[in-house]
Structure formats: structure tokens, C-alpha cells
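**Student:** Structure below; questions to follow.
The values are calculated or read from the model by the stated rules, or taken from the named source; none is laboratory data. The model shown is predicted, which means the values in this text are computed figures rather than measured ones. Cβ coordinates were reconstructed from backbone atoms using ideal geometry, including for glycine residues, and neighbour counts include every protein chain displayed.
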Amino acid sequence: MTELSSLNAIFDRRFSCRGFLNTPVERSVIAQIIQTAQKVPSWCNSQPWQVHLLSPQKRDDLSARLMDAALAGQETPDIAFPQRYSGAYKHRRSVCGWQLYDAVGVEKGDRDGSRRQMLENYRFFGAPHVAVISTPRELGPYGVLDCGAFVTAFTLAATAAGVATIPQAAIAGMSPIVRKVINLADDRDVLCAISFGYVDTDHPANQFRTNRADLDEVLIDVD
């Protein structure tokens, strides 16, 4: 098997896990995942990411606070969320959403069911580990870009180690709460969380996989 084939196999195994076992991941494995993810490129090798790994107590504290804020309809992200999804982006988002709803038995028009599933974000889908990723505010979009590369690398390194992940932008909607719980410096922005652990293969939310656009939708040859 070529190295590209090996990498492709890891990509194929990676998915957004929404149901975890309670089994904790060994600290040495977590360290290896982070050290591997740190090898991604960044502008001028700035490596702007910081990883706040929450203890079980901090995880539960943050979860309770986020749940209360979500039920109250609070939303104050450090980094503006997308203005809208249109065209192909809207379609892909819709397909993904309905794949999840179909998997967990939420029917069209079931607002209570969709709300319950949405709130799972703030329970971290039952993951035993939660890492909060932040970026230096002064680096702007390019710091965010570099941190995004780190998030991707984290998920792939975790997959290679047999650990399931889900990056979560939802928690960034309550940035002031996250900032307070993890004592984040004022000069950094909350980007996302990565919830991770060992996959519950029987959980209904883990029974689907998203597809990817055809190559001709993303590749533009310029002569």
C-alpha cells in the first residue's frame, strides 16, 4: 500500500462521532495525537493554536452552563458565524442534517426532537474528553486558518490512533461562558471544541456517513 493510500484510508475512517463510550483515552495517547497534529504547516511557523483539555469536572461544569445558555437563546461568538448558506453549501448542509435526523429518528416537523438533538452539542455527545481550541485575535483570519489545519490534523491523528472525534463550532456561540470556565486570556478567541473518545458503534447517530462533492465541483483548471 502506498503512503497516499494509507492516508486515504485514514480519511475514509474519520467521521464526526455523536455517541461515545465512557472509556477514557490514556493521557499518553492524547499527547501523541496533539504532538502529531502540531506538525501541520502554519504561516511563518507561528503555530497559533492552543489546546485547553478539560478535566471531567470542568467538562461537566461547562456543559451545564452551555445548556442553560442554549435554552435561554444566548449567542455571542468571538468570531462571526456564517451569514448564510446558499446554493450547493445550503444543499450539503441540509443533506447532512437530514442524515442525522433520519439516523436518530427525528421526523420532519418534530421540533422537540430536533431541539433535543441540537442540545446534544452541549452535552458533548457524551464524550469523555473535550478540548477547546483558541486562536490569537491579532492574527485574524490567517490565525483561524492555521488553527483549522490543526483541528483537521487532530481528527486524523486521533483516527489513526483508534480515537473518534467531532469538532464543534456550536460552543463558540457562547464564547463568554467558555472563556470564563477555561480562564482564557483576553487576547485569544474561542474557535471550537473537539470532543473525543472511543466510538459507541451501536449509537444510532453513528450509523451514517456524509458524502463528498465530485471532483469537477471543486477542481478548476486554469490554462
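**Student:** When the stretch 104-128 is examined, which residues are found to be of a type in the set (Gly, Ala, Ser) and either at pLDDT 95 or above or at positive phi (or both)?
**Tutor:** Listed by number, the residues that qualify are Gly105, Gly109, Gly126, Ala127.
**Student:** Look at Asp146 and say whether it is out of contact with any Pro (no Cβ under 6 Å at 6 or more places or on another chain) and either of a type outside the set (Ser, Thr, Tyr) or part of a loop (DSSP other than H, G, I, E, B) (or both). Before the answer, list the steps.
**Tutor:** Values: out of contact with any Pro (no Cβ under 6 Å at 6 or more places or on another chain): no; either of a type outside the set (Ser, Thr, Tyr) or part of a loop (DSSP other than H, G, I, E, B) (or both): yes.
Answer is no for this residue.
**Student:** Working only within the stretch 42-67, note down all residues that are part of a loop (DSSP other than H, G, I, E, B) and either surrounded by 11 or more Cβ atoms within 10 Å (Cβ to Cβ) or touching an Asp or Glu at 6+ places or on another chain (Cβ under 8 Å) (or both). Talk me through it step by step, then tell me what you get.
**Tutor:** Going through the stretch 42-67, the residues part of a loop (DSSP other than H, G, I, E, B) turn out to be 42, 46-49, 54-55.
Ser42, Ser46, Gln47, Pro48, Trp49, Leu54, listed by residue number.
**Student:** Residues Ala131, Ala70: which one is at pLDDT below 95, under 19 Å from the mean Cα position of the chain (by Cα) and either surrounded by 13 or more Cβ atoms within 10 Å (Cβ to Cβ) or not in a helix (DSSP H, G or I) (or both)?
**Tutor:** On the way: Ala131 fails: at pLDDT below 95.
Within the list Ala131, Ala70, the selection yields Ala70.
**Student:** What are the pairs, 6+ residues apart or on separate chains, where a residue within the stretch 194-223 that is acidic (Asp, Glu) has its Cβ under 7 Å from a residue that is assigned to a loop (DSSP other than H, G, I, E, B)?
**Tutor:** Filtered contacts from the stretch 194-223: Asp200/Gly19; Asp200/Leu21.
**Student:** Within the stretch 180-223, can you find the residues that are part of a helix (DSSP H, G or I), aliphatic (A, V, I, L, M), touching a helix residue (DSSP H, G or I) at 6+ places or on another chain (Cβ under 7 Å) and under 30 Å from Ala103 (Cα atoms)?
**Tutor:** Ala205
**Student:** Do we find that Phe154 is among the aromatic types (Phe, Trp, Tyr) and at positive phi in this structure? Step through it out loud before you land on a result.
**Tutor:** Working: among the aromatic types (Phe, Trp, Tyr): yes; at positive phi: no.
Criteria not met by Phe154.
**Student:** Please enumerate the residues belonging to the stretch 183-202 that are under 30 Å from Pro77 (Cα atoms) and not hydrophobic (A, V, I, L, M, F, W, C).
**Tutor:** Asn183, Asp186, Asp187, Arg188, Asp189, Ser195, Gly197, Tyr198
**Student:** Limited to the stretch 180-203, what total is found for residues that are surrounded by fewer than 17 Cβ atoms within 10 Å (Cβ to Cβ) and under 18 Å from Val163 (Cα atoms)?
**Tutor:** Total satisfying the criteria: 2.
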